[in-house]
1. Please identify the pairs in which a residue from region 98-114 that is of a type in the set (Gly, Ala, Ser) has its Cβ atom under 7 Å from the Cβ atom of a residue that is surrounded by 21 or more Cβ atoms within 10 Å (Cβ to Cβ), counting only partners at least 6 apart or on another chain.
2. Just for region 96-118: of the residues that are open to solvent by 30 Å² or more (accessible area, probe 1.4 Å) and of a type outside the set (A, V, I, L, M), which one is nearest to the chain's Cα centre (by Cα)?
3. If you take the residues in region 230-244 that are open to solvent by 70 Å² or more (accessible area, probe 1.4 Å) and in contact (Cβ under 8 Å) with a residue 12 or more places away in the chain, which one is farthest from GLN113 (Cα to Cα)?
4. Return the residues of region 182-229 that are charged (D, E, K, R), free of Cβ contacts under 8 Å to residues at least 24 places away in the same chain and open to solvent by 70 Å² or more (accessible area, probe 1.4 Å); say none if nothing qualifies.
5. Taking only region 83-117 into account, find how many residues are at pLDDT below 90 and either under 19 Å from ASP64 (Cβ atoms) or not β-branched (Val, Ile, Thr) (or both).
6. Just one of ALA59, ALA42 is open to solvent by 30 Å² or more (accessible area, probe 1.4 Å) and either of a type in the set (Gly, Ala, Ser) or in contact with a strand residue (DSSP E or B) (Cβ under 8 Å, 6 or more places away or on another chain) (or both); which is it?
7. Only residues that are in contact with a Phe, Trp or Tyr (Cβ under 9 Å, 6 or more places away or on another chain), in a helix (DSSP H, G or I), aliphatic (A, V, I, L, M) and more than 22 Å from LYS208 (Cβ to Cβ): list them for region 241-286, please.
8. How many residues does region 62-95 hold that are acidic (Asp, Glu) and buried (at least 18 other Cβ atoms within 10 Å of the Cβ)?
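The values are calculated or read from the model by the stated rules, or taken from the named source; none is laboratory data. For clarity, every value in this text was computed on a predicted model and none was experimentally measured. Positions of Cβ are generated from backbone atoms using ideal geometry, with glycine treated the same way; all protein chains shown enter the neighbour counts. Just the protein is used for accessible areas: all its heavy atoms, side chains included, with ligands, DNA and RNA removed. Shrake-Rupley method; radii C 1.70, N 1.55, O 1.52, S 1.80 Å.
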Amino acid sequence: MAPKPPGSVLELRAAGNESFRSGQYAEAAELYGRALDALQEAGPANPEEESVLYSNRAACHLKDGNCTHCIKDCSVALSLVPFGIKPLLRRAAAYEALEKYQLAYVDYKTVLQIDCTLPAAHDGVNRMTKALMDTDGLEWRLKLPPIPSVPVAAQKRWEAAPGGDHEKAAKSKLKEADTLKNKVPTVGDKERARALKEEGNELVKKGKHKEAAEKYSESLMFNSMESATYTNRALCYLSLKKYKEAVKDCTEALKLDSKNVKAFYRRAQAFKELKDYQSSLEDVNSLLSIEPENSAAAKLRQEVNRSLKI
């Protein structure tokens, strides 16, 4: 007797998942489509469940190289549940395959607003940045569509994802960062890094420190050997009250330039805000041994000394 074909939404979805894992992508897409039909026939649909089914079917289309249908399904999934990570990543990959690099860049950047630890999104931004600079030159950003601002509520929704997945992504990101640090930049990489750094500098002048920090981060993807980029990003982190990140960037700058005055000063400021007054004082003293007449450092030392006495 032949096995009974799946009929309920849950059964069809489970069967689709099994077909997908077996590499039967066309069959999986058909099963997800039947699950969508069953869900819609059952009455008022659950938007979360419907969004997942569209996103799953989009993954099948992407695997089969049907990028147009992938984009369509991802867009429907995102209209049902905005800022879903999986449909954004799948749509970005489909745009990239179709050489629609501007749209892919926007989706990858949107994902990073939701979860900045995802290596796939960082890799995608890196690839799209290179592709767009190659095709449109240094003015490539002026041609980009607007990047949506992800609401805090949407970010918090995805922060509730299973801890194991988040931990795995964070470890992968750390590994990726180590790889980038060990990369020797080419002449082209240095030029791209310089251009991105200058864009960051212009944003700092306008007081847009969050956007500037992102530009400096992109610059460091191309050249992680530039100490000034670290100290510039540290300045942004200080303004954004991300003091631990500022400390890390200043430490990286000092590895590259052991007498970097800005790195000592900004790290001292960050340590002071973190109430690590002893470390702050050590950095200020190191700075003053290099520049004894630095009035800003002398003033900061007085402030730190007062805090130590309290």
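1. Close Cβ pairs satisfying both conditions: ALA104/ALA92; ALA104/TYR95; ALA104/GLY124; ALA104/MET128.
2. CYS116
3. LYS244
4. GLU191, GLU198, GLU202, LYS205, LYS206, LYS208, GLU211
5. Total meeting the criteria: 4.
6. The unique qualifying residue is ALA42.
7. Residues satisfying the conditions are VAL247, LEU254, LEU256, ALA263, LEU281, VAL284.
8. First, the residues of region 62-95 that are acidic (Asp, Glu): 64, 73.
The next check asks that each one be buried (at least 18 other Cβ atoms within 10 Å of the Cβ); those that pass are 73.
Residues in region 62-95 being acidic (Asp, Glu) and buried (at least 18 other Cβ atoms within 10 Å of the Cβ): 1 in total.
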